[in-house]
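The values are calculated or read from the model by the stated rules, or taken from the named source; none is laboratory data. All figures in this text were calculated on a predicted structure; none of them were measured in a lab. Every residue, glycine as well, gets a Cβ built from its backbone with ideal geometry; the counts of neighbours run over all protein chains shown. Just so you know, the surface numbers come from the protein's heavy atoms only, side chains and all, with ligands and any DNA or RNA stripped out. Shrake-Rupley method; radii C 1.70, N 1.55, O 1.52, S 1.80 Å.
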Amino acid sequence: KVALQFFGATTTYFQLGEEVRRVAEGLRQAGVNAGDRVAIILPNCPQHVVAFYAVLRLGGVVVEHNPLYTSTELRHMFEDHRAKVAIVWDKVADNITALPSDVRPQTIFAVNMIEAMPMHMRAALKLPLKSARQSREKLEGSAPGTKQWKSLLKFAPLDANHHRPTASDLALLLYTSGTTGSPKGVMLTHRNLEANARMGEEWIQPGDDEVIYSVLPLFHAYGMTLGLSISMVCQARLVIFPTVDVDLMLKAMKKVMPTILPAVPPVYRRLLDEAESRNISLKGIRYAVSGAMNLPPELVSEWEEYAGGFLVEGYGLTECAPLVACNPLNATRRAGSIGVPFPSTDVRIVNPDTLEDVPFGEEGELWVRGPQRFKGYWKREEETRSSITPEGWLRTGDIVKVDEDFFIYVVDRIKEVIITGGFNVSPSEVEAALRQHDSVKDAAVVGLPRKGGGETVVAAVIPTEGYAIDQEELREHCYGRLTRYKVPRKVFEVEDLPRSMLGKTLRREVRKQLEEKYGEQ
């Protein structure tokens, strides 16, 4: 069966298994042992899937990173996890080779995405044309000081008797933005990953020919689970897209229609609008599973009327690998709800102040317990203890309520993390970058509701005496320090910020004031 499809080029499950074993042996020869961290900094591509499972087969620990992160953002995380080896997109390899020698991995393998494309596309990209050259420049880089990924495929497959990791061994580190501004490494075990994959399999009840579109980034918890574990467990065909490109998706649908489409509300909105304008059918997509941000009910009705399949909302967090709850994939689903808990998942609704269960139907903090709950935060025992109770409950920081049929509705977040485009943004991290500019005396960063779901990152800024705030200059300043999606879309100049008696900025009040004054963004 076809396991992976990339611009039409296919990889069977047999070929995938063979490549995983060869790369595992290559990494072993490069010094990777059980427990060693291996950083993966790749867009969605077949090599990403192979690298992920090769590291896991050795008992190593995968550390996923956003390939668009700046070197400044990456440095903190590499100082934290100390990866021995990195597998990097050649286009961004400079961000890793430029790290200080005491932080830089011993060995860096550079991946050329073009090598995974079909032969006719590789040939077209070599043509002596300006358009071909420009396309090549977007897709590849020279990556000096690295070894080539394809050198790993020259090894004989790893010995079948090589020691296998146990269920309780650490498999993956995913960094998540906290309100402190310092990303924390979420430790997920092999049991966490497989339990979540089996939950997804039970929910989907897969047929023999499932096709899943891998549109969400594989370095993100949601994209990883649907693209790297659930798809494999369901023996599905994973159609891989390097970026969220609606035009590419619609072209791919002409050859192979997805039966399952995991995405976020803005992607569904754009896909629906384009399909309608071009008169392209979306029939065949049985399940569209939305996560990472709130799903507008009106989008659900529009999608289901046009596509014919179900569009449902689910809920998760990185600390749960990430699946916690989802709407049933049938007519009992409820728009506006995040559904009911997955199998083997227990939930409680608790008063965050008294830590007592709230009466049925009232608002409280969502607590979760199950086999997908993470092991803890990497090297952060105190924060782990504050997040996981002695009885094993994870405090999610989300305020929810439950209706009479046990469907869960998210009301608010205790944490001040902003969700934009499905990614978490720490306000503190963005505020720290803004304060580095001479014109900024103080700043508060919040998320304002966005039409179609999710939030827009905005900043309320107090100017330094004698300075004027130049919005575009501040944004350019941030681009050098932050990934693009973290940079505030708008900067609002204010005289002061609401503060507590202790002088702490009250971001909730900032958000409320900006929302009342400027509304949706």
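Every residue, every condition in (1) under 17 Å from the mean Cα position of the chain (by Cα); (2) closer than 22 Å to VAL20 by Cα, yes or no:
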site: PRO183; (1), (2): yes, no
site: ILE212; (1), (2): yes, yes
site: MET257; (1), (2): no, no
site: GLU276; (1), (2): no, no
Failed item, numbered, when PRO46 is tested on (1) within 30 Å of HIS163 (Cβ to Cβ); (2) open to solvent by 30 Å² or more (accessible area, probe 1.4 Å): (2)
Of the residues that sit in the stretch 413-446 and are of a type in the set (Ser, Thr, Tyr) and either in contact with a Gly (Cβ under 8 Å, 6 or more places away or on another chain) or on the phi > 0 side of the Ramachandran plot (or both), which one is surrounded by the most Cβ atoms within 10 Å (Cβ to Cβ)? SER426
So, of the residues in the stretch 234-245 that are without any contact (Cβ under 8 Å) to a residue 40 or more places away in the chain and buried (at least 17 other Cβ atoms within 10 Å of the Cβ), which turns out to be nearest to GLN5 (Cα to Cα)? ALA236
Please note which strands (runs of 3 or more DSSP E) are completely contained in the stretch 411-521 and include at least 3 residues that are within 19 Å of SER182 (Cβ to Cβ) and at pLDDT 90 or above. 440-449
Test each condition in (1) farther than 24 Å from THR318 by Cα; (2) in contact (Cβ under 8 Å) with a residue 24 or more places away in the chain for ALA132 and report the one that comes out false. (2)
Could you tell me which of the residues SER439, SER426 is farther than 30 Å from PRO67 by Cβ and among the hydroxyl-bearing types (Ser, Thr, Tyr)? SER439
Among what's in the stretch 54-82 and is without any contact (Cβ under 8 Å) to a residue 60 or more places away in the chain and open to solvent by 10 Å² or more (accessible area, probe 1.4 Å), pick the residue that is farthest from GLN106 (Cα to Cα). SER71
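Looking for something without any contact (Cβ under 8 Å) to a residue 12 or more places away in the chain and of a type outside the set (Lys, Arg) - is there at least one such residue anywhere in the stretch 411-423? Don't jump to the end; show me each part of the working.
Residues of the stretch 411-423 without any contact (Cβ under 8 Å) to a residue 12 or more places away in the chain: none.
Taking every residue of the stretch 411-423 in turn, none turns out to be without any contact (Cβ under 8 Å) to a residue 12 or more places away in the chain and of a type outside the set (Lys, Arg).
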Exactly one of ALA275, ALA288, ALA195 is over 23 Å from PHE423 (Cα atoms), modelled with pLDDT of 95 or more and crowded, with 21+ Cβ neighbours inside 10 Å, and that one is ALA195
Please list, ordered by first then second residue, the pairs with beta carbon atoms under 7 Å, 6 or more apart or interchain, first in the stretch 27-46 and within 16 Å of LEU173 (Cα to Cα), second acidic (Asp, Glu) and at pLDDT 95 or above. ILE40/GLU64
ASN196 fails exactly one of (1) farther than 19 Å from MET117 by Cβ; (2) assigned to a helix (DSSP H, G or I); (3) free of Cβ contacts under 8 Å to residues at least 60 places away in the same chain, namely (3)
Of the residues in the stretch 452-472, those that are hydrophobic (A, V, I, L, M, F, W, C) and either farther than 21 Å from GLY421 by Cα or free of Cβ contacts under 8 Å to residues at least 60 places away in the same chain (or both) come to VAL457, ALA459, ALA460, VAL461, ILE462, ALA468, ILE469
Among residues belonging to the stretch 139-158 that are in contact (Cβ under 8 Å) with a residue 40 or more places away in the chain, among the charged types (D, E, K, R) and out of contact with any Gly (no Cβ under 8 Å at 6 or more places or on another chain), point out the one that is nearest to GLN106 (Cα to Cα). LYS147
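Tell me yes or no: at least one residue of the stretch 122-134 is buried (at least 16 other Cβ atoms within 10 Å of the Cβ) and of a type in the set (S, T, N, Q). Walk me through it before giving the result.
So the first thing to find is which residues in the stretch 122-134 are buried (at least 16 other Cβ atoms within 10 Å of the Cβ), and the list is 125.
If we keep only those that are of a type in the set (S, T, N, Q) as well, we get none.
No.
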What about PHE109, is it open to solvent by 20 Å² or more (accessible area, probe 1.4 Å), modelled with pLDDT of 95 or more and among the aromatic types (Phe, Trp, Tyr)? no
When you scan the stretch 7-25, do you find a residue that is more than 28 Å from SER135 (Cα to Cα), of a type in the set (A, V, I, L, M) and open to solvent by 10 Å² or more (accessible area, probe 1.4 Å), even just one? yes
Can you name the residue in the stretch 350-403 that is part of a loop (DSSP other than H, G, I, E, B) and either among the aliphatic types (A, V, I, L, M) or free of Cβ contacts under 8 Å to residues at least 12 places away in the same chain (or both) and is also least open to solvent (accessible area, probe 1.4 Å) among such residues? VAL358
